[in-house]
Amino acid sequence: MTNMIYENVSIGGSTLIEPPCIIGKPPRGAEPGERELRLGTGCRIRPFSTVYAGSLIGDHVQTGQGVSIREDNSIGNNVSIGTHAVLEAGNTIGEHSRIHTGCFLELTTIGRHVFVGPHVVFTDDPHPMGCPRYRECKGGPVVGDYARIGANCTILPGVRIGSNALIGAGSVVVHDIPDNAVAVGNPARVIKYVHELTCAAGFYEKPYQWPPYDAL
């Protein structure tokens, strides 16, 4: 098994691409090599992943197996993207963030140090399918720095999740969530704030008394 690497792909030093992968695949309407793909240094792209041309991927980015990264994605340094995650076009992911297994993102903005649990879906189109102006509408969600989103959540178009917020597993987020809030349910509602949480196991006085959250 070998990798297919198209023209106009820049790969930084010490980056490992485990075969079979497709790197620099032209997006719809583009010719091979027409759009540039840049992979930073020290990345690791695991088998059966496809990375399209037209994206910028920072240093020390890791993917699981079978990841799809479409065009017009901007991915910061030290980002982890889990197995079978799908990054459709137009996402921005800040440094040190983790996108877990099976997630789906499109036109979504993720801040720094964000944790996105398994099988979270970020939606971007309030009236699928075929609205000719959906890209001018609400767009994808925006997630602030240090936020944490539990497994199996669905985030609706245009929603803003504040910095250091915590979204409980299985929630459906239909409205903006303020900074530092804990929100759960369908539709997700604020039930408390992060500083009110306790450590059920008793290891800490409060959760998130460890880096990088201890500096907040």
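The values are calculated or read from the model by the stated rules, or taken from the named source; none is laboratory data. Predicted model only: the values in this text are computed from it and were never measured. Counting neighbours? That spans all protein chains shown, and the Cβs are built from the backbone with ideal geometry, glycine included.
Couple of notes before you dig in:
- The residues of the stretch 193-216 that are part of a loop (DSSP other than H, G, I, E, B) and closer than 25 Å to PRO141 by Cβ, listed by number, are LEU197, PRO207, TYR208, PRO212, LEU216.
- Search result, residues across the stretch 141-178 that are outside any strand (DSSP E or B), touching a helix residue (DSSP H, G or I) at 6+ places or on another chain (Cβ under 9 Å) and of a type outside the set (Ser, Thr, Tyr): PRO157, ASN164, ALA165
- Criterion (β-branched (Val, Ile, Thr), touching a Pro at 6+ places or on another chain (Cβ under 6 Å) and modelled with pLDDT of 95 or more) met by exactly one of ILE167, ILE155: ILE155
- Odd one out for VAL190 among (1) outside any strand (DSSP E or B); (2) more than 23 Å from VAL86 (Cα to Cα): (1)
- Hits in the stretch 81-97 (condition: surrounded by fewer than 19 Cβ atoms within 10 Å (Cβ to Cβ) and not in a loop (DSSP other than H, G, I, E, B)): VAL86, THR92
- Unique match (being at positive phi and surrounded by 17 or more Cβ atoms within 10 Å (Cβ to Cβ)) among ASN78, ASN73: ASN78
- Total residues in the stretch 178-199, condition closer than 15 Å to ALA151 by Cα and among the β-branched types (Val, Ile, Thr): 2
- Set VAL142, VAL174: member being out of contact with any Leu (no Cβ under 6 Å at 6 or more places or on another chain) and closer than 26 Å to GLU88 by Cα: VAL142
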